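Have a look at the structure below, then the notes.
The values are calculated or read from the model by the stated rules, or taken from the named source; none is laboratory data. On a predicted model such as this, the values are computed, not experimentally measured, just so you know. For neighbour counting, all protein chains shown are included, and Cβ atoms are generated from backbone atoms with ideal geometry for every residue, glycine included. Just the protein is used for accessible areas: all its heavy atoms, side chains included, with ligands, DNA and RNA removed. Shrake-Rupley method; radii C 1.70, N 1.55, O 1.52, S 1.80 Å.
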Amino acid sequence: SPFPSLLQRKPVCDLHHNFIMKMVSFTLVMLAAVGCIYLVYGAADFTVVNNCNAVLWIEARAGGGPIPGQSSTVTRLNKGQTVGYTMPEGGLSSTRFWAKYGCNDQGRECRIGDQMQYWPGGGCPSGGCTPPIDSLFEATWGCKSGSCDKTTWFDTSQVDGYTIPYLVTLQGDTGACDNGKGLKSLDGSKLDLDRCPSNEDITANGRTQSIVVNGRTIPLNSVNLRYHDKFNNATLGCASPCAQMSHLWNQNPGAMPTIYYCCPTPNPNNCQISQGCITSAECRAGPVATDKYTTA
């Protein structure tokens, strides 16, 4: 593989996300880190550093397009290079950042990371968009001055899966929040594709033994969650049980047994499994809390 460092058991590949702030709170929910920050005006609110032994392309989206001030959604980073993003004075909602690799000179046709249609013009790689299992940073940025809401919410999520290990470092005073006092970093550097389950039981504790996908019966008692390169079979990512069922096999997240892994709550005031809704308590009591993917 031209990306051996991404596949080693002890990863040497980290993404460092740095942003200036005044205070932060943090709550760990399963494999997702969620928090809020108050921004202090600075040169760059969010900086990505490539510590990988490979070229990365950083995909940065605000909705479907680029971050304001950026001419493209993708930026090439050689080893050791950085890219900084400065958010608008008035804040910015629904931003997402992730790394792609194995791409062409335009940051397209990537081996992994082309989970959204290209901007501009749309379209996917020749073999179709890759599944949305990338290591992901998401944030809605608060405004920087005036009487507007200065709260910024962010998360780093492996709910759908992971690809490249990362480390998020926070700069600023983190002692003023009710939750997560003293938080300085979110460490995903130990994410390891070698530990991705290749024999996961996703029968929902025996409730469903198999499903039919494209006319083929698939047993669910030993499922390989590793996403492989279509050219040389190298492991490029690890899909969560939810993503394996809903994205790769196109199963309804509210149907059995997917509901126990995706845990949708479309109607929290009248949540019933028979209607495609599962409560937080039922989700935590189910297999998702103790499956191999969660505990790896």
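Here are the numbers for this structure:
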item	result
Some residue of the range 72-80 being assigned to a loop (DSSP other than H, G, I, E, B), of a type outside the set (A, V, I, L, M) and open to solvent by 60 Å² or more (accessible area, probe 1.4 Å)	yes
Filtered residue count, the range 268-291, keeping only those that are in a helix (DSSP H, G or I) and buried (at least 18 other Cβ atoms within 10 Å of the Cβ)	3
Criterion: out of contact with any strand residue (DSSP E or B) (no Cβ under 9 Å at 6 or more places or on another chain) and either modelled with pLDDT under 95 or open to solvent by 20 Å² or more (accessible area, probe 1.4 Å) (or both) - qualifying residue of ASN221, ASN205	ASN205
Considering residues of the range 122-150 that are among the β-branched types (Val, Ile, Thr) and open to solvent by less than 30 Å² (accessible area, probe 1.4 Å) only, the residue modelled with the highest pLDDT	ILE133
Residue satisfying all of: in the range 151-202; modelled with pLDDT under 85 and of a type in the set (Lys, Arg); farthest from PRO241 (Cα to Cα) among these	LYS181
Hey, PRO4 modelled with pLDDT under 50 and over 18 Å from the mean Cα position of the chain (by Cα) or not	yes
Complete set of residues in the range 228-264 that are modelled with pLDDT of 95 or more and among the aromatic types (Phe, Trp, Tyr)	TRP249, TYR260, TYR261
Residue in the range 93-114 that is out of contact with any Gly (no Cβ under 9 Å at 6 or more places or on another chain), at pLDDT below 95, buried (at least 19 other Cβ atoms within 10 Å of the Cβ) and of a type in the set (A, V, I, L, M, F, W, C) present	yes
Residue match in the range 222-240 (condition: in a helix (DSSP H, G or I) and within 15 Å of the chain's Cα centre (by Cα))	no
Hey, GLN244 in a helix (DSSP H, G or I), open to solvent by less than 70 Å² (accessible area, probe 1.4 Å) and in contact with a strand residue (DSSP E or B) (Cβ under 7 Å, 6 or more places away or on another chain) or not	yes
